[in-house]
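Notes follow once the structure below has been shown.
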Amino acid sequence: MDGISVNEAYKILKDDGVLWVAGKNGGGKFIQSVTVIEKPHDFKNLQEGEMLLATLYQFPIQKDIMNFLIKAQGNQAVCAGIRLHNDQFSDIPESLLTLLDRLNSPLFVFNKDVPFSIIIKKLYSANCKS
């Protein structure tokens, strides 16, 4: 299988302030590519095997964040990485974490100071070596 496992991705990224907060039973899934999506209707371009990165700035309500991540999982995203951007969303709803655990859908939370370009570069570099 081309790509790297979610488990491997976490090992690569954990020193950059990445937390794995849900869906740890999905660690054996393989990431074949990485994409950034900021608008809910961008899912039409999502490819199977992609890791989804998002800042979630456009979602003022936690219910919208839940719907976005559920839709990502339903559209073949292997896992998602989000950047929490303010204190309003410093706590991810427990109901979302429980749902992602049940779906075996890994969710990473990124430190707001780590650029997505660093994450993408590290994952693509690891993918080329595998």
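The values are calculated or read from the model by the stated rules, or taken from the named source; none is laboratory data. None of the values given here were measured: they were computed from a predicted structure. Neighbour counts are summed over all protein chains in view; Cβ atoms, including those assigned to glycine, are modelled from backbone coordinates with ideal geometry. Please note that ligands, DNA and RNA were not included when accessible areas were found on the heavy atoms of the full protein model with its side chains. Shrake-Rupley method; radii C 1.70, N 1.55, O 1.52, S 1.80 Å.
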| query | Assuming residue 36 fulfils every condition listed in (1) modelled with pLDDT of 80 or more; (2) over 21 Å from residue 95 (Cα atoms); (3) surrounded by 16 or more Cβ atoms within 10 Å (Cβ to Cβ) apart from one, which condition is it? | reply | (3)
| request: Residues being out of contact with any strand residue (DSSP E or B) (no Cβ under 7 Å at 6 or more places or on another chain) and within 24 Å of residue 113 (Cβ to Cβ): count how many of those fall in segment 18-54. | output: 1
| Within segment 6-28, restricting attention to residues that are assigned to a helix (DSSP H, G or I) and of a type in the set (A, V, I, L, M), which residue is surrounded by the fewest Cβ atoms within 10 Å (Cβ to Cβ)? | 12
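Out of segment 113-130, which residues are among the hydrophobic types (A, V, I, L, M, F, W, C) and assigned to a loop (DSSP other than H, G, I, E, B)?
Matches in segment 113-130: 114 only.
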| query | What number of residues within segment 66-75 satisfy the criterion of being open to solvent by 50 Å² or more (accessible area, probe 1.4 Å), over 10 Å from residue 100 (Cα atoms) and either within 12 Å of the chain's Cα centre (by Cα) or aromatic (Phe, Trp, Tyr) (or both)? | reply | 0
| query | What are the residues in segment 110-123 that are open to solvent by 90 Å² or more (accessible area, probe 1.4 Å) and in contact (Cβ under 8 Å) with a residue 12 or more places away in the chain, if any? | reply | 112, 113
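Yes/no matrix, rows are residues, columns are (1) modelled with pLDDT under 90; (2) open to solvent by less than 30 Å² (accessible area, probe 1.4 Å):
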position: 4; (1), (2): no, yes
position: 30; (1), (2): no, no
position: 40; (1), (2): yes, no
position: 54; (1), (2): yes, yes
position: 60; (1), (2): yes, no
position: 64; (1), (2): yes, no
position: 96; (1), (2): yes, yes
position: 102; (1), (2): no, no
